[in-house]
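First the structure, in the form of structure tokens, and then the observations on it.
The values are calculated or read from the model by the stated rules, or taken from the named source; none is laboratory data. Quick caveat: nothing in here was measured; it's all calculated off a predicted structure. With ideal geometry, Cβ positions are generated from the backbone for all residues, glycine too; neighbour counts draw on all protein chains shown. These accessible areas exclude ligands, DNA and RNA; they are computed on the full protein's heavy atoms, side chains included. Shrake-Rupley method; radii C 1.70, N 1.55, O 1.52, S 1.80 Å.
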Amino acid sequence: MKKIAFVITSLVISLGFYACSNDDDFTFVAQSNTEEISFENTLLESYQLSSANADNLAERFIWNKADFDVPTPVYYEVQASSDESFEAITVLASDLTENNYGVTVANMLSLAEDAGLDNDPDTEAPNTGTLYFRVRAYVGDDAANVVEQLSETLLFPVVLVQEEEGESPIEIKPHLFMVGDVTEAGWDNNANNTPLFRDSENDNNFFFTGRFAGSASTEGFKLLEVLGAWQPQWGVDGTNVSSSDILGSDPSAFKVDEDGYYSFNINTEELTYTLEKYDASAAATYTNIGIIGDASAGGWDTDTDLDQSTFDPHLWHAEGVELVDGEIKFRADHLWDNSWGASTELSGQGMNNNDPNIPVKAGTYNVWFNDLDGRYILIPQE
């Protein structure tokens, strides 16, 4: 009996050593259908595409996170095609770790061209059609070991804007407006809310330098894309920039703990932001700031005065300003001692240093100007 017990014990020990020696060879087997991947977007009836707005974000595609039941990173690839069969695939992005991706108007226009669409009224080609998108989720480090899932196809309806000969339409640009208990409008989403000032070279990059009435008891502020509408709205998810589209629910507010001046910057494409204190103690305070130029009602002789904010004396605005084709500048106190301009229409930044005139297309605008940093934005009105 002792001999049998010794043999059994030796066998157990040997198996134990074998198991330890093979720990490094243990592999997880990915399951390809544990949770199907699908888009979570609610699309518009159609999307208007114009080359004038090529840099704009057409849509941010959002999908659920895929689960392969393995402890390894999951990557995503956004695929597009001009036909539903995906015979010819355009890869817009790959090796993504986030479950969202912003597609620009330029991307859509390129796909529309592949689909045989154009905006020339003199050709027989249609200017309306459908583009097709899907997401590929995958794990694995080489082609032989990749396990993947493909989403169902998302049908994306587009209209290429047909421009009449000689017509030069006002560009449709994205806007962000502040709402919250630290802002002038409070939590009213349609009270002439202060806009952020859009970067003239990047339509997804926005700035604001000015006062926030923060305190330990205030909630903070969020950003709205359309006045009078709570969706979509932008805020934070933890410490990251997020929107109601991405989260599927309302994000939290940007927190401001004390009253004062701050510089705020947000990039809606890169999903990043900064909020830093700003020293406005030495900034000049003006009695008047107005628009002057041949595009304005008074030409180069008479200023169209803007209204000064009672919340922040460095912010100026006017609603429903009618302008004609031409140029304008902003200037202080009806004199040329301090004036701001730039070579970019709709938005830009003046330096108060013999700046160029601002080009303007005929239309009706809400106009905003910030004398702290010289930024301006003209918001076209229907």
Please give the length that would be gained between N202 and T123 if that part of the chain were fully extended, namely 0.36 nm times their separation in residues minus their C-alpha to C-alpha distance (nm, one decimal).
25.2 nm
Compare the Cα positions of G235, S51, L154 along the charge dipole of the chain (+1 at Cβ of Lys, Arg; -1 at Cβ of Asp, Glu; about the Cα centre) and return the one farthest towards the positive end.
G235
Amide hydrogen neighbours beyond the local backbone of L49, cut-off 5 Å, H modeled
V159, L160, V161
In order over region 63-75: 3J(HN,Hα) from phi, Karplus 6.51/-1.76/1.60, θ = phi - 60°, whole Hz, x for each Gly or Pro, gives 9, 6, 6, 6, 10, 9, 6, 9, x, 8, x, 9, 10
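Remind me, relative contact order of region 284-326 in percent, using alpha carbon pairs under 8 angstrom and six or more residues apart? Mind dumping the intermediate values first?
Details: 57 pairs, mean separation 15.7, N = 43.
Computed value for region 284-326: 37 percent relative contact order.
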Pull up all non-local amide H partners of I289: gap of 5 or more, or a different chain, and H-to-H distance under 5 Å with H placed in the peptide plane.
L306, D333
How large is the dipole of region 30-143 about the Cα centre if only Lys and Arg carry +1 and Asp and Glu carry -1, each at its Cβ, rounded to the nearest 20 debye?
320 debye
Counting only protein heavy atoms and a 1.4 Å probe, tell me what percentage of the chain's accessible area is made up of carbon and sulfur.
47 percent
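Tell me the net charge near W336. Cut-off is 13 Å between Cβ atoms, W336 excluded, with +1 for each Lys or Arg and -1 for each Asp or Glu. Kindly include the intermediate steps, with their values, before the conclusion.
Details: positive: K329, R331; negative: D301, D303, D333, D337, D355.
Net of charged neighbours comes to -3.
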Per-residue HN-Hα couplings for region 325-340 [Karplus 6.51, -1.76, 1.60; θ = phi - 60°; Hz; x = Gly/Pro]:
4, x, 9, 9, 9, 9, 9, 9, 6, 6, 10, 8, 4, 10, 8, 9
Could you tell me how many degrees, from 0 to 90 and to the nearest 10, lie between the Cα long axis of helix 2-21 and the main elongation axis, the longest principal axis, of the Cα atoms of the chain?
30 degrees
Cα centroid separation - region 187-233 against region 90-123, whole Å:
29 Å
For helix 105-114, what angle does its Cα long axis make with the longest principal axis of the chain, in degrees from 0 to 90 and rounded to 10?
70 degrees
Gyration tensor on Cα atoms of the chain, a ≥ b ≥ c root eigenvalues, a/c under 1.5 rounded, else prolate if a/b beats b/c, else oblate, says oblate
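Would you mind getting the accessible area per residue of the chain, heavy atoms of the protein chains only, 1.4 Å probe, in Å²? Before the final figure, lay out each step's value.
On the way: 19780 Å² over 382 residues.
Ligands and nucleic acids excluded, the result is 52 Å² per residue.
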Are there GluC sites (Glu not before Pro) in region 263-364 that DSSP marks as loop and that have at most 12 other Cβ atoms within 10 Å, and which are they?
E270
Excluding same-chain residues fewer than 8 positions from K361, which aspartates and glutamates have a Cα within less than 13 Å of its Cα?
E167, E171, D294, E322, D325, E327, E345
Helix-derived [θ] at 222 nm for the chain: sum -39500 (n - 2.57) over DSSP H runs of at least 4, divide by residue count, nearest 500?
-2500 deg cm²/dmol
Give me a comma-separated list of calculated 3J(HN,Hα) values for region 288-293, in order, Karplus coefficients 6.51, -1.76, 1.60 applied at θ = phi - 60°, integers in Hz, x for any Gly or Pro.
9, 9, x, 9, 9, x
19 Å tail of the calculated P(r), region 255-382, as % of Cα pairs
50 percent
Here the relative contact order (percent) of the chain, from C-alpha pairs under 8 Å and at least 6 apart, is 10 percent
By average Cβ neighbour count within 10 Å, what is the ranking of 187-196, 294-303 from highest down?
187-196, 294-303
Cα-centre dipole for the chain with unit charges at Cβ (Lys and Arg positive, Asp and Glu negative), debye to 20:
1680 debye
Chain lengthening between Q231 and E84 when straightened (0.36 nm per residue, less Cα-Cα)
49.9 nm
Suppose R0 equals 41 Å. What FRET efficiency, 1/(1 + (r/R0)^6) with r the Cβ-Cβ distance, do D333 and D257 give to the nearest 0.05?
0.70
